[in-house]
Amino acid sequence: MRGLCEALPGLISSFLPRDDEYSVIWALRNFGGNPFVLLVSIVLSQNTSDSNAIRALRNLLERGLTSPQSVLSSSDEELVNAVRVAGQYSSRVKTLKELARFFVSNPGFVVSICRDVRKTREALLGIHGVGEKTADVFLSVYCEASSVFPVDRHIMRITSRVLGRKVSYREASDFWLSCARSVGLPSVYKLHVFLIDMGRRLCRPRDPHCSSCPFRNHCSYASPHHYGPTASNEPGSGSQ
């Protein structure tokens, strides 16, 4: 897979994600380095569209519910009304309350988040509703950690197709981490967002656009059987 990895810097350098398409980027640009809000934005983006997650974040902002203390002092009904647009509001409210309780109960957490990424990851995984992807997105953004790589359903699908087999979260994460390190990518999170975008536009669950995929010459799935013998051999170009 050396060729695939070597193609990444050029592909990512020209990729400019819009903040209104990714709730985490929107949160960063509107709340700066607030770790609590960043985690909230990631929780709200679980199993829903980023546009819905951003709408839920705006609702929390309008109600002044962007600090651990304000979330804990608010009623479940008020939180439900704010995040309802993102769906699964009962479980999301429970997670928001648990996050807020964790921050309030661990006042030293904010200043020590990036000192020990492994320890912080373990602490986050102990919070209800925080899984591997949520923890890894947070650490790759807030700490710019290069030891974690968040994997969502799009990245899982791309990885499985590239390798020609089903993979676990850890296998997919390790694959892209190794790839990023081998070519010295400065931002693991930008690769994460690039792959999500590619999964949405090209490597779709049904009718993937293999002929336009920059990975097709390195992908077990995108054989001539899938994109046809007339497709260009140049990565990134469409079919002729």
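Just so you know, all these numbers are worked out from the coordinates, no wet-lab data involved. Quantities reported herein were computed from a predicted structural model and do not represent experimental measurements. Please note: Cβ atoms are built from the backbone with ideal geometry, for glycine as well, and neighbour counts cover all protein chains shown.
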Inset, instruction - Give the residue, chosen from 23, 14, that is under 20 Å from residue 154 (Cβ atoms) and touching an Asp or Glu at 6+ places or on another chain (Cβ under 9 Å). - result: 23
Inset, instruction - List every residue pair whose Cβ atoms sit under 6 Å apart, with the two residues 6 or more apart in sequence or on different chains, where the first one lies in the stretch 72-89 and is within 17 Å of residue 55 (Cα to Cα) and in contact (Cβ under 8 Å) with a residue 12 or more places away in the chain and the second, anywhere, is crowded, with 18+ Cβ neighbours inside 10 Å and of a type in the set (A, V, I, L, M, F, W, C). - result: 79/93; 80/93; 82/60; 83/56; 85/56; 86/44; 86/53; 86/56
Inset, instruction - Return yes or no: is residue 41 out of contact with any Pro (no Cβ under 7 Å at 6 or more places or on another chain), surrounded by fewer than 22 Cβ atoms within 10 Å (Cβ to Cβ) and part of a helix (DSSP H, G or I)? - result: no
Inset, instruction - Being assigned to a helix (DSSP H, G or I), of a type outside the set (A, V, I, L, M) and more than 18 Å from residue 131 (Cβ to Cβ) is the filter here, so list the residues in the stretch 104-120 that pass it. - result: 105, 109, 112
